[in-house]
Ligand SMILES: Nc1ncnc2c1ncn2[C@@H]1O[C@H](COP(=O)(O)OP(=O)(O)OP(=O)(O)O)[C@@H](O)[C@H]1O
Ligand SMILES: [Mg+2]
């Protein structure tokens, strides 16, 4: 298969040098010094890969990518930007660019990217199509938002994806998009073609979790009739997301540190080491520092995880994203459940803006979904949006750490009052359930039961 490459860059000297270097390495190289010329050559020569500078004399590199994408056999595109043009890089990735490189870069770097790009191009078509779909679904474009925090986060995710750290910790309240961010990281980096596997550490008992992660050999425990690989093995080359890492037992935490440090492990009952190349992303809505203090989380694992960690911002702190997210979910459910909602009334938008979204983006999504299922016609019916806007018959004020409660006795139930207090206490404790439960002098299970009744838990 010919390895035809197109270079589009107006820096003539740089481009010729790179072209020479690449053709010495066995590539068939074409060069263009303007965007339009590049598109012309691509049409004629059908290159496998096009490396495009962002700044061109006639049209922008992003427009070149757009035009190339429309060709019958579009090349893989790689964007070159000057240092600091992270926004343009984000846009390029949104357009489906394979990667971006900041100038200046060593030739070897572009060669590695090229090789990776070509390897991925050579994958079987079905796989390529499937992955492209996943990549589009979970590319950087999946992270919706115009707020500065989200834009920064998108830039950070792309940077991290390029750096490919071995461990990443994502914190944040429930429903803020931790799972989504993990997928974006995976699908924007070199691991995109490899598996992305998830494990919820809170959902299953410890020994089952252990055998799911590590796999086992026949006879290693009574039920183990056959050998089975675990997800550390199955995800080799790719990424695993350990959700609710704060609930992992101390024993398993110790084993996890070993896997990440030594890049090898043994199946349960196994005799030989299995080498793996994994990226481990851990997510939690707990404050792991507290867990370390309480002896529930290993300090060494915490430090290792904390090297590269970021927090997903909660929705009430970036309300400017609500309209965009709302429209996104309306579009999504129009398609998904066959609806034709075209209008979100101002009244609904105002309510969305006023509400404080304890369940974050997930709550917004399910609020939109529920209202859409129930609405007829083309308008999202405000009747089906039920949000507690703090305007009820119970109001709570806090001063000096004390809550002042005002109740309209004609118009409030004990349940209203209870819910208001629970919500307020959760807010005061940053939605940390353990602390809120402590403040309310109830156990966490009991609190969670009530939260569930209030629709605050998924
Ligand atoms: N910025 C965003 N743009 C688009 N969709 C988003 C965004 N953030 C979250 N979502 C969507 O909201 C839902 C909840 O996100 P996700 O499951 O990633 O949250 P989470 O933080 O992992 O929650 P939990 O702590 O409960 O596991 C998903 O459907 C996700 O796709
Ligand atoms: Mg999650």
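What the table below lists for this structure:
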| read-out | value |
| --- | --- |
| Some residue of the stretch 385-396 being over 29 Å from residue 429 (Cβ atoms) and at pLDDT 70 or above | no |
| Some residue of the stretch 2-15 being in a loop (DSSP other than H, G, I, E, B) and closer than 26 Å to residue 133 by Cβ | yes |
| Odd one out for residue 366, checked against (1) touching a helix residue (DSSP H, G or I) at 6+ places or on another chain (Cβ under 8 Å); (2) free of Cβ contacts under 8 Å to residues at least 60 places away in the same chain; (3) within 16 Å of ligand 2 (Cβ to nearest atom) | (1) |
| Members of the stretch 329-347 found to be under 24 Å from residue 457 (Cβ atoms) and either in the same structural domain as residue 149 (by TED's automatic domain parsing) or crowded, with 18+ Cβ neighbours inside 10 Å (or both), listed by number | 329, 333 |
| Entirely in the stretch 82-139, the helices (runs of 4 or more DSSP H) that have 3 or more residues that are modelled with pLDDT under 85 and exposed (fewer than 13 other Cβ atoms within 10 Å of the Cβ) | 125-138 |
| Answer residue from the stretch 266-293, given it is assigned to a helix (DSSP H, G or I) and free of Cβ contacts under 8 Å to residues at least 40 places away in the same chain and is surrounded by the most Cβ atoms within 10 Å (Cβ to Cβ) among those | 292 |
| Residue match in the stretch 303-325 (condition: part of a loop (DSSP other than H, G, I, E, B), exposed (fewer than 12 other Cβ atoms within 10 Å of the Cβ) and either in contact (Cβ under 8 Å) with a residue 60 or more places away in the chain or not assigned by TED's automatic domain parsing to the domain that holds residue 283 (or both)) | yes |
| Unique residue being within 16 Å of ligand 2 (Cβ to nearest atom), touching a helix residue (DSSP H, G or I) at 6+ places or on another chain (Cβ under 9 Å), more than 30 Å from residue 96 (Cβ to Cβ) and assigned by TED's automatic domain parsing to the domain that holds residue 265 when the list is 181, 224, 202 | 202 |
| Residue count for the stretch 426-449, restricted to those that are surrounded by fewer than 19 Cβ atoms within 10 Å (Cβ to Cβ) and part of a helix (DSSP H, G or I) | 11 |
| Matching residues in the stretch 40-81 - criterion: being assigned to a helix (DSSP H, G or I) and surrounded by 23 or more Cβ atoms within 10 Å (Cβ to Cβ) | 42, 61, 64, 65, 68 |
| Residue under evaluation residue 260, criteria (1) more than 28 Å from residue 120 (Cβ to Cβ); (2) in a helix (DSSP H, G or I), criterion not met | (1) |
| Residue 350 more than 30 Å from residue 238 (Cα to Cα) and surrounded by fewer than 14 Cβ atoms within 10 Å (Cβ to Cβ) | yes |
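For (1) touching a residue at least 24 places away in the same chain (Cβ under 8 Å); (2) assigned to a loop (DSSP other than H, G, I, E, B); (3) surrounded by fewer than 16 Cβ atoms within 10 Å (Cβ to Cβ), each residue gets a yes or a no:
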| site | (1), (2), (3) |
| --- | --- |
| 157 | yes, no, no |
| 165 | yes, yes, yes |
| 169 | yes, no, no |
| 173 | yes, yes, no |
| 186 | yes, no, no |
| 191 | yes, yes, no |
| 207 | no, no, yes |
| 233 | yes, no, no |
| 237 | yes, yes, yes |
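The values are calculated or read from the model by the stated rules, or taken from the named source; none is laboratory data. Quick caveat, the model's predicted, so the values are computed rather than measured. We place every Cβ from the backbone using ideal geometry, glycine too, and count neighbours over all the protein chains shown.
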